[in-house]
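What follows is one structure encoded as structure tokens, with my remarks underneath.
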Amino acid sequence: MFAPILNESILKRAQEKKKVAIHIHDLRDYADDKKHRKVDDRPFGGGPGMLMMPQPLFDAIKAIKGRRKVHVIYTSPAGKPFSQNHAKRLTRLKNLIIICGHYEGIDERVREHLVDEEISVGDYVLTGGELPAMLITDAVTRLIPGVLGKKESLVSESFEGNLLEGPQYTRPANFRGKKVPPVLLSGNHKTIEIWRKSQALTKTKKVRPDLLEKKNKGASNDGNES
Ligand code: 4FV
């Protein structure tokens, strides 16, 4: 599942520019049960489905960590909601391991003894933790200095200042009679900035008023709050 994501566009270039190194590990390689390479088992106390066993996860993470300080993330619907601030905070950590959840979940002893942080990418249930892991990898990698080229900017994008991005336009100025707001053609950067800010505010008020509450609560955008 990961190859197509990692070998395209910005993530590919980020690895080529040695801004990030991304390795995929097959848990079955760490299963004590060499014959069936079993990594899941039935839940104690009964109940539907299977759980990820502790042994392959403990031994895999021990082997991958070696002597390095690594921040271990587990992706699950029961995690803290992922956000841009969260991504910013993770870019400050040198080594991340992301456990991709599967089946009904993992043995609680993994969460207790290995997991530093549980992250959810949204209040819905997926078939596996791979997509959440890819989301986190993408959102974090693009924030690493030097990954995004000049053309791509981090400055005026959504969630900067807890505001959604306002409307944007490119050529032609008149597309089949549909015109671009004249202020954007004025060349007056001050009025353009004011217009953009007010548009972003209007859109945020309409679509994500919760972000404005956060903004007004003075949540500074320093990446500490998730
Ligand atoms: C999920 C989420 C998610 C739950 C069962 C994988 C699945 C299966 N992960 N945010 N939402 N995980 O739905 O992070 O194990």
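The values are calculated or read from the model by the stated rules, or taken from the named source; none is laboratory data. Quantities reported herein were computed from a predicted structural model and do not represent experimental measurements. For neighbour counting, all protein chains shown are included, and Cβ atoms are generated from backbone atoms with ideal geometry for every residue, glycine included.
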Problem - Subset of segment 147-166 that is surrounded by 14 or more Cβ atoms within 10 Å (Cβ to Cβ) and among the polar types (S, T, N, Q) - its residue that is modelled with the lowest pLDDT - result: SER156
Practice task
Could you please let me know if GLY161 is within 9 Å of the ligand (Cβ to nearest atom) and either among the β-branched types (Val, Ile, Thr) or in contact (Cβ under 8 Å) with a residue 12 or more places away in the chain (or both)?
Solution key: no
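Residue-wise test of (1) within 21 Å of VAL121 (Cβ to Cβ); (2) in contact with a helix residue (DSSP H, G or I) (Cβ under 9 Å, 6 or more places away or on another chain).
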position: PHE2; (1), (2): yes, yes
position: GLU8; (1), (2): yes, no
position: ARG13; (1), (2): no, no
position: LYS19; (1), (2): no, yes
position: ASP29; (1), (2): no, yes
position: PRO56; (1), (2): no, yes
position: ARG89; (1), (2): yes, no
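If you go through segment 1-54 one residue at a time, how many are aromatic (Phe, Trp, Tyr) and within 21 Å of ILE99 (Cα to Cα)?
Final tally of qualifying residues: 2.
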Practice task
May I ask you to list the residues in segment 72-108 that are surrounded by fewer than 16 Cβ atoms within 10 Å (Cβ to Cβ), over 11 Å from the mean Cα position of the chain (by Cα) and closer than 29 Å to LEU164 by Cβ?
Solution key: ALA78, LYS80, ARG92, LEU93
Problem - Residue ID - nearest to LYS12 (Cα to Cα), chosen from residues in segment 24-69 that are surrounded by fewer than 11 Cβ atoms within 10 Å (Cβ to Cβ) and touching a residue at least 40 places away in the same chain (Cβ under 8 Å) - result: GLY49
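Filter segment 165-195 for residues that are assigned to a loop (DSSP other than H, G, I, E, B) and in contact (Cβ under 8 Å) with a residue 12 or more places away in the chain; which is farthest from GLN84 (Cα to Cα)?
Restricting to residues being assigned to a loop (DSSP other than H, G, I, E, B) and in contact (Cβ under 8 Å) with a residue 12 or more places away in the chain, the top hit is ALA173.
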Handout entry: Answer residue from segment 80-127, given it is near the ligand (Cβ under 6 Å from one of its atoms) and modelled with pLDDT of 95 or more and is nearest to VAL39 (Cα to Cα) among those
Key = LEU126
